[in-house]
Amino acid sequence: MIGAPINRVDGPQKVTGTAEYAYEDWSVGQPLYGAIVGASIGHGRITAISATRAEQAPGVRRVITHRDNLYRPPVPPPQFDRYRSPYPVMTSAEVPFFGAPVALVVASTLEQARFAAGLVQVEYERIDGRYDLDAHASDARLAKRVNAELPAETKVGDLAGAFASAPVKIDQVYATPYEFSLPLEMHSCIASWDGRVLTVHTGTQIVDSARLRIAATLGMDPSQVRVISRFIGGGFGSKLGVHAETILAAIAARELGQPVKVSLTRQQVFQLVGNRPAERQHVRLGANRDGTLVAFGHDAVMKASVGDDYIEQSAHSGRALYAAPNRLTRHLGVDLNLMFSEDVRAPGEAPGLIPIECGMDELAHELGIDPIELRIKNEPKVHPETNVPYSDRHLVECYRIGAERFGWARRQQTPRSLREGKWLVGYGMAAAIRGHFQGPTTVAVRLERDGSAVVLSDMTDIGTGTYTILAQVAAQALGYPLHRVRVELGDSEFPTSPGSGGSWGACNSTTAAYRACLALRDKLVAAATKDPTSPLHGLDPKEGVEVADGFIAIGSASETITDIVARSFPSGLQAEGTVKNMMEDPNYAAYSLSSYGAHFAEVHVDATTAEIRVRRMLSVFDCGRVLNAKTARSQLIGGMIWGISAALHEDGALDVRYGSFVNRDFAQYLVPVHADIPEIDAIMLDSFDPKANELGAKGLGEVGICGAGAAIGNAVFNATGVRVRDFPITVEKLLPHLPH
Ligand code: MOS
């Protein structure tokens, strides 16, 4: 059951339209609609705001601005938690970034709200802002803190000395652009207030954080807020926390005493949801002639925002990847007057592995060594910075299997030496690594009177397949067929979890569910062995308890779970399973825990026009035990496609005069379409990491994107002999360098 490529259990609901997403939950009654008005300056303050014309427009019920003082800006908590801490919106006249909300127009219909939003009149005092990363790069400062509480800086040995005397060196800066999480379901909310409890339907990756944030922002007790998020149309980090749409809907609902719906427009998603910061990453690799690394340096300089301390962990990416005795990795921020940065799928590793993995390819080229052999030569035995052993690492196997399956032998070490008609053909590869995280989780499993099982958690399914893997794990642990397990998620009334994010959701929730099922088995056995009417009466569970086909057995004696429940627990039976915070789990101190992979890509580049077509991509992953081969493969392939996107398409264009992103829709912010995605496959090694959890599983939601863009970049180099270090690699950057 565990691992089987079972179709999503919620698939029928999704394809028949009965799966309800936040914005379409009508069980609350007739709602009002809110439209957010955004600031049209990048930095400054509102000097005058008039809602008179908007208020006179048809259907308008209320226009809310900062002057209404509907809630007091909360005092910043001593311990800022990125997703739980208050999220004040429209609390003052200050405009912190372009598009920041200045008004919420609430009307009877969406059209009326949108129309009236255009009638709100705002005057501003503009202050010169800092918008341009390159212009202010000399102000880069060492990060105070880095995402996931990772160290801002690590030092081993003497990087400068070893690099200076290394016989072969790579010393390059790679640029990566602003990128955006763009889930199909835009950030939206319907809030209703019954005078006692605020019920909030919102698409969020972490229900409990949403609940705490809403309560903290509005100055309510968390028990007064219920958050429901049963179906979510993608998150990619952008729904780890709720944003202006949810806070404003909640405020309006409480104020007007009627349900209020607010959704960001697609253009607003680019403004009001955090972005992946643009980065300028400096990589220094020093090696001996045989390819042994002696120096490994990585400085990640990135956009930060005035008043916010988010720095993604890009320079963390290589800390566990390659051995080298002299190392220096640092994160630096450049404070700009832009919307703050936030987690975008595989924060850190996705951009961070581009300079490292392209840098390793540059080094292999310098040395005349195959890039796979260079990596294997520098494969560490223990973590090169902390010296702890790896929990379970099969990266070399990923390289070898991938090379074999992909036909790597056809690759030419000398670039621009393979050609098919007008196409220059290139092969590239790159390594993938992504940390495996764990967070405090509780899952309850209840056996109903009829013996069927219900899994309950505030865990979310953001499209990844959580409902399905939880059903599989509980079914296996109870010896049930899949249809006797029901999974209910995404409600703050259910036991608390850290939700979906950081590739931790699957392992946290299934491990807790598995433990809950074992606790249920113990309770069943304890009851049955004491019950003279049970076939298990008097038996010792130490003989070994087994479950199969709805029966629970000790030795050759068995009884159905349904019968035990009916007799001993007529009102049902519930047990909980928990997972600890990783900080309290000794395995996290004793081992380096990550998921790994190797990407292989073949690209064709038109020798005349520099058009780049990805022809094939194959990646091999080592993520511990796979919980569902179909949903896992889908996650991995999705990540790989995002890697292609990062290499060739995505590019948030900032107008540095005004601090505004100009390409705020799918027509201009390019992502791959089907025609851009070739033959693509992901292979998962049959591994099991016993240090991760008793299921042996590790996170895989993000490792697919890690390094994927670098493999494409390396293939472009192998095809053309041109190294573009400014991502994405577009025709206009490549063409001038193609020899004609
Ligand atoms: Mo992820 S970027 O933590 O959803």
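The values are calculated or read from the model by the stated rules, or taken from the named source; none is laboratory data. Since the structure is predicted, the reported quantities are computational estimates derived from the model, not experimental observations. When we count neighbours, we look across all protein chains shown, and the Cβ atoms used for this are built from the backbone with ideal geometry, even at glycine. Remember, those area values only see protein heavy atoms, side chains included, never the ligands or the DNA or RNA. Shrake-Rupley method; radii C 1.70, N 1.55, O 1.52, S 1.80 Å.
Per the listing 368, 286, the residue uniquely at pLDDT 95 or above and either in contact with a helix residue (DSSP H, G or I) (Cβ under 9 Å, 6 or more places away or on another chain) or surrounded by 24 or more Cβ atoms within 10 Å (Cβ to Cβ) (or both) is 286.
The residue that is most open to solvent (accessible area, probe 1.4 Å), among those in segment 558-588 that are of a type in the set (Asp, Glu) and assigned to a strand (DSSP E or B), is 576. For segment 148-158, a residue qualifies if it is touching a strand residue (DSSP E or B) at 6+ places or on another chain (Cβ under 9 Å) and not hydroxyl-bearing (Ser, Thr, Tyr), and the qualifying residues are 148, 150, 151, 152, 153, 155, 156, 157, 158. Candidates are the residues of segment 331-350 that are part of a strand (DSSP E or B) and touching a Ser or Thr at 6+ places or on another chain (Cβ under 8 Å); the one that is nearest to the ligand (Cβ to nearest atom) is 341. So which residues in segment 178-202 are of a type outside the set (Lys, Arg), over 14 Å from residue 260 (Cα atoms) and open to solvent by 10 Å² or more (accessible area, probe 1.4 Å)? Residues satisfying the conditions are 178, 179, 182, 184, 185, 186, 195, 197. Scoring residue 620 on the criteria (1) within 30 Å of residue 380 (Cβ to Cβ); (2) at pLDDT below 95 leaves a single failure, condition (2). Residue 119 satisfies every condition listed in (1) part of a loop (DSSP other than H, G, I, E, B); (2) farther than 22 Å from residue 244 by Cα; (3) open to solvent by less than 60 Å² (accessible area, probe 1.4 Å); (4) among the aliphatic types (A, V, I, L, M) except (2).
Here residue 222 passes the criteria (1) on the phi < 0 side of the Ramachandran plot; (2) within 16 Å of the ligand (Cβ to nearest atom); (3) open to solvent by 10 Å² or more (accessible area, probe 1.4 Å) except the one numbered (2). Evaluated against (1) open to solvent by 10 Å² or more (accessible area, probe 1.4 Å); (2) touching a strand residue (DSSP E or B) at 6+ places or on another chain (Cβ under 8 Å); (3) within 16 Å of the ligand (Cβ to nearest atom); (4) of a type outside the set (S, T, N, Q), residue 207 falls short on exactly one condition, (1). Taking every residue in segment 474-491 that is closer than 17 Å to residue 627 by Cα and pairing it with any residue that is aromatic (Phe, Trp, Tyr) and assigned to a strand (DSSP E or B), at least 6 positions away or on another chain, the pairs with Cβ-Cβ distances below 8 Å are 479/551. When segment 227-266 is examined, which residues are found to be more than 16 Å from the ligand (Cβ to nearest atom), within 26 Å of residue 639 (Cβ to Cβ) and either of a type outside the set (D, E, K, R) or outside the structural domain of residue 21 (by TED's automatic domain parsing) (or both)? Passing the criteria: 231, 264. For segment 501-508, check the following and say yes or no: at least one residue is farther than 30 Å from residue 209 by Cβ and either within 16 Å of the ligand (Cβ to nearest atom) or surrounded by 17 or more Cβ atoms within 10 Å (Cβ to Cβ) (or both). No, segment 501-508 contains no residue that is farther than 30 Å from residue 209 by Cβ and either within 16 Å of the ligand (Cβ to nearest atom) or surrounded by 17 or more Cβ atoms within 10 Å (Cβ to Cβ) (or both).
Please determine whether any residue of segment 277-291 is free of Cβ contacts under 8 Å to residues at least 60 places away in the same chain, under 30 Å from residue 352 (Cβ atoms) and in a strand (DSSP E or B). Among the residues of segment 277-291, not one is free of Cβ contacts under 8 Å to residues at least 60 places away in the same chain, under 30 Å from residue 352 (Cβ atoms) and in a strand (DSSP E or B), which makes the answer no. The condition (being part of a helix (DSSP H, G or I) and open to solvent by less than 30 Å² (accessible area, probe 1.4 Å)) is satisfied by just one residue among 610, 632, 692, 675: 632. Considering (1) open to solvent by 30 Å² or more (accessible area, probe 1.4 Å); (2) under 32 Å from the mean Cα position of the chain (by Cα); (3) of a type in the set (A, V, I, L, M), the lone condition that residue 48 does not fulfil carries the number (2). Here residue 323 qualifies as assigned to a loop (DSSP other than H, G, I, E, B), surrounded by fewer than 24 Cβ atoms within 10 Å (Cβ to Cβ) and away from the ligand (no atom under 16 Å from the Cβ). Only a single criterion out of (1) within 16 Å of the ligand (Cβ to nearest atom); (2) assigned to a loop (DSSP other than H, G, I, E, B); (3) open to solvent by 10 Å² or more (accessible area, probe 1.4 Å) is not satisfied by residue 494, namely (1).
Sub-8 Å Cβ pairs linking a first residue in segment 648-660 that is under 23 Å from residue 44 (Cα atoms) to a second residue that is aliphatic (A, V, I, L, M) and surrounded by fewer than 18 Cβ atoms within 10 Å (Cβ to Cβ), at least 6 apart or interchain, are 653/662; 654/662; 655/662; 656/135, ordered by first then second residue.
Summed over segment 441-456, the residues that are open to solvent by 10 Å² or more (accessible area, probe 1.4 Å) and in a strand (DSSP E or B) give a count of 3.
Of the listed requirements (1) among the hydroxyl-bearing types (Ser, Thr, Tyr); (2) away from the ligand (no atom under 16 Å from the Cβ); (3) closer than 30 Å to residue 418 by Cα, residue 658 misses just one: (3).
Just one residue in the set 641, 712, 683, 705 is open to solvent by less than 30 Å² (accessible area, probe 1.4 Å), assigned to a helix (DSSP H, G or I) and modelled with pLDDT of 95 or more; that residue is 712.
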